[in-house]
Each structure stands twice: as C-alpha cells, then as structure tokens.
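Structure first, then comments.
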Amino acid sequence: MSRHYSNISDILPRRATINDVSVPYRSGSLYILVVGTFLTAMLCALAVVASEPFVVPSVGPTIFIIVGFPLSEQAHPRNILFATAVAIVAGIVALAVFGLINVPTDLTDLSWTRAGALVVAVALGIGGIIALRALHVPALAAAMIIAAGLLKDPRDWVSVFVGVLVVTIVGVAINRASGKPQALWWRPQPSAK
C-alpha cells in the first residue's frame with residue numbers, strides 16, 4: 001500500500017543516526033527563517049561593501065540547504081565547495097569553447113551559440129559533480145550564470161566562489177554553535193555538546 005505525501009518535506013527523514021545517536025535530520029522552520037535571513041543579509045552587506053558579486057541565484061538554495069538540512073549530503077562543505085568550483089570552471093570552459101568570452105549578453109534573443117554554451121556548461125558541471133562525488137545541485141546555477149555571460153570578468157567568477165565559501169563557513173559555524181549535527185567537511189558529525 002503506497003503512502004500519500006502532502007508535500008515534499010513529508011518524504012524526508014525526520015531523524016538520522018550518527019555514531020549511534022538519533023538526531024533531527026532537518027531544522028525547524030523558525031531556525032531556517034532566522035538563520036537563512038541572517039546569512040543572506042550578511043552576504044548582501046559584504047557584497048555592497050566590497051562591490052563584488054558575492055550574491056548570485058545559486059547562493060539562496062545553498063543557504064537553505066546548509067541551514068535547513070545540515071545532515072544532507074548536499075550540505076557537506078566539501079560538496080558545496082567542490083561542486084561550485086566545478087560549475088564555475090564548466091561555465092568558463094563553455095564560454096571559451098563557443099568563443100563567447102568577450103561577447104555581450106542578450107538573453108532576450110538567445111543565439112544558438114549561447115544556447116550551446118549553456119548546454120555544455122550544464123553537461124560539464126553535472127559530469128564534474130558526478131566524477132568528484134560532490135553532490136550540490138544549486139552549484140549548477142553558477143555554470144549557467146557564467147555561460148549565459150551574466151558575469152564576464154574573471155574577478156567576478158572568483159567572487160562567486162568567495163560568496164559561497166563565506167556562506168558555507170558561517171552557516172556551518174552557526175549550525176555547530178546551535179548544536180546542530182553538521183559535517184565539518186564531508187561526513188556528518190554530532191554536535192560538540
């Protein structure tokens with residue numbers, strides 16, 4: 001007999017076992033709202049002060065995963081950082097392959113060349129993520145942002161990675177300080193309590 005699920009959160013585990021200790025798999029809604037908002041505001045403030053594009057669309061889902069599902073494979077810092085690096089490189093390679101490094105962006109009139117770069121960027125990103133076993137799906141947005149030509153300056157590409165790095169470090173630190181089990185690098189670990 002199949003069970004009816006009212007929403008996606010019903011199919012996610014409520015608890016996980018780490019070192020024979022049962023712990024919550026996901027964070028509470030208020031915690032996600034408060035910490036997620038704080039991380040977003042912090043990164044936006046850094047972006048404004050530094051005049052760097054730290055805030056890109058892939059960072060929002062990354063924040064939600066780190067804060068909401070700290071035991072998820074996608075919340076492991078290793079996976080977040082490796083997948084983001086792979087995605088950035090995939091976007092750059094796709095631009096280079098299609099000769100679009102210095103071509104102005106016009107997504108309202110998408111050319112076949114730009115479409116090809118987007119497809120190649122996603123394919124390379126997926127391939128790299130699979131090869132490195134670094135599951136973090138939001139990173140693929142960075143590949144598309146770069147292949148679309150929305151960030152042209154190599155310094156901007158580095159800034160995307162720096163933004164994700166900052167959110168990852170601060171998010172993991174807040175989770176750990178709040179007693180949430182969180183992978184410090186790759187495997188979940190119980191809180192220090």
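Computed from the coordinates by the stated procedures, all read-outs in this text should not be read as laboratory data. Fair warning: this is a prediction, and the values are worked out from it, not measured in the lab. Here the Cβ positions follow ideal geometry from the backbone for every residue, glycine too, while neighbour counts run over all protein chains shown.
Annotations for the structure displayed:
- Anisotropy class of the stretch 132-177 from Cα gyration tensor, a/c 1.5 cut: oblate
- FRET efficiency, 1/(1 + (r/R0)^6) with R0 22 Å, evaluated for L165 and M42 via beta carbons: 0.95
- Of the chymotrypsin sites (Phe, Trp or Tyr not before Pro) found in the stretch 115-193, the ones in coil according to DSSP and having at most 12 other Cβ atoms within 10 Å of their Cβ are W185.
- Trypsin sites (Lys or Arg not before Pro) restricted to the stretch 131-161 and DSSP loop, no more than 13 other C-beta within 10 Å: R133
- Rough spin-label spacing in nm, given labels placed 7 Å along Cα→Cβ, for V49 and V158: 2.0 nm
- Prolate/oblate/rounded label for the stretch 105-159 (Cα gyration tensor, a/c 1.5): oblate
- Contour minus Cα-Cα distance for A173 and I101 (0.36 nm per residue): 22.2 nm
- Here the peptides 164-170, 41-47, 139-145 are ranked by packing, the mean other Cβ count within 10 Å, and the order with the highest first is 139-145, 164-170, 41-47.
- Residues of the stretch 50-76 with an amide N closer than 19 Å to a point placed 7 Å from the Cα of I130 along the Cα-to-Cβ direction: 74.
- Projecting the Cα atoms of V56, F82, I101 onto the charge dipole of the stretch 21-177, computed from C-beta unit charges around the Cα centre, puts F82 farthest toward the positive end.
- Here's the picture: a label point sits 7 Å out from the Cα of T113 along the beta-carbon direction, and within the stretch 135-151 the residues with their amide nitrogen under 20 Å of it are 144-151.
- The smallest convex shape that holds all Cα atoms of the stretch 21-177, its convex hull, gives 111 Å³ per residue.
- Using the average count of surrounding beta-carbon atoms within 10 Å as a protection proxy, the listed peptides 93-104, 78-89 rank, highest first, as 78-89, 93-104.
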